[in-house]
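**Student:** Okay, handing you the structure first.
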Amino acid sequence: MKNIQSIQDFEQQLVENDAVLAYFSTETCSVCQVLKPKVAEMVGASFPQLKMVFVESDKLPELAAQNRVFTAPTVVVFFAGRETIRKSRAFGVDELKAEIQRPYSLLFS
């Protein structure tokens with residue numbers, strides 16, 4: 001998982017990768033700390049071509065606002081540079097996996 005350092009870094013990831021999962025979090029979000037490794041494990045096991053990036057919203061508020069992220073955790077999945085899936089606050093890893101499955105298989109099959 002790559003830690004994003006700037007807006008340009010984030011935009012570069014979207015250009016360079018066909019599929020990107022952006023995990024937006026804050027330093028004080030306890031739910032985020034528990035959920036992040038579970039999401040990372042799910043991505044690694046089920047979607048090897050999906051690039052996962054981590055954005056600390058409190059350190060990059062402009063990037064969070066640009067992506068309309070106002071709560072943590074928020075997961076935004078991009079396919080071909082376009083936002084396809086968005087999950088915020090209370091969501092399950094299995095629910096996220098089920099939503100990623102179809103567009104991922106269409107893109108990489």
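The values are calculated or read from the model by the stated rules, or taken from the named source; none is laboratory data. Bear in mind the structure is a predicted one, so any value in this text is a computation, not a measurement. Here the Cβ is made from the backbone with ideal geometry for all residues, glycine too, and neighbour counts use every protein chain on show. Note: areas computed on protein heavy atoms with side chains; ligands, DNA, RNA excluded. Shrake-Rupley method; radii C 1.70, N 1.55, O 1.52, S 1.80 Å.
**Student:** Which of (1) touching a strand residue (DSSP E or B) at 6+ places or on another chain (Cβ under 6 Å); (2) crowded, with 16+ Cβ neighbours inside 10 Å is the odd one out, the single condition residue 29 does not satisfy?
**Tutor:** Exception for residue 29: condition (1).
**Student:** I would also like to ask the following. Out of the residues in segment 59-109 meeting the condition of being assigned to a loop (DSSP other than H, G, I, E, B), open to solvent by less than 70 Å² (accessible area, probe 1.4 Å) and closer than 18 Å to residue 7 by Cα, tell me which one is modelled with the lowest pLDDT. Spell out the reasoning first.
**Tutor:** Filtering segment 59-109 for residues assigned to a loop (DSSP other than H, G, I, E, B) gives 59-60, 67-73, 80-81, 89-92, 109.
Restricting the remaining residues to those that are open to solvent by less than 70 Å² (accessible area, probe 1.4 Å) gives 60, 67, 69, 71-73, 81, 91-92.
Now restrict to residues that are closer than 18 Å to residue 7 by Cα: 60, 67, 69, 81.
Numbers: 60: 95, 67: 95, 69: 96, 81: 92.
This residue is 81.
**Student:** Which one is farthest from residue 100 (Cα to Cα) among residues in segment 32-47 that are of a type in the set (A, V, I, L, M, F, W, C) and open to solvent by 50 Å² or more (accessible area, probe 1.4 Å)?
**Tutor:** If we filter segment 32-47 for residues that are of a type in the set (A, V, I, L, M, F, W, C), which is where we start, we get 32, 34-35, 39-40, 42-43, 45, 47.
Within this subset, residues satisfying the condition of being open to solvent by 50 Å² or more (accessible area, probe 1.4 Å) are 34, 45.
Working: 34: 20, 45: 13 Å.
For segment 32-47, the residue satisfying everything is 34.
**Student:** Give the residues of segment 80-106 that are over 22 Å from residue 31 (Cβ atoms) and small (Gly, Ala, Ser), sorted by residue number.
**Tutor:** Correct list: 80, 81, 105.
**Student:** For segment 1-19, which positions are of a type in the set (Val, Ile, Thr) and either closer than 16 Å to residue 56 by Cβ or surrounded by 14 or more Cβ atoms within 10 Å (Cβ to Cβ) (or both)?
**Tutor:** Filtering segment 1-19 down to residues of a type in the set (Val, Ile, Thr) leaves 4, 7, 15.
Result: 4, 7.
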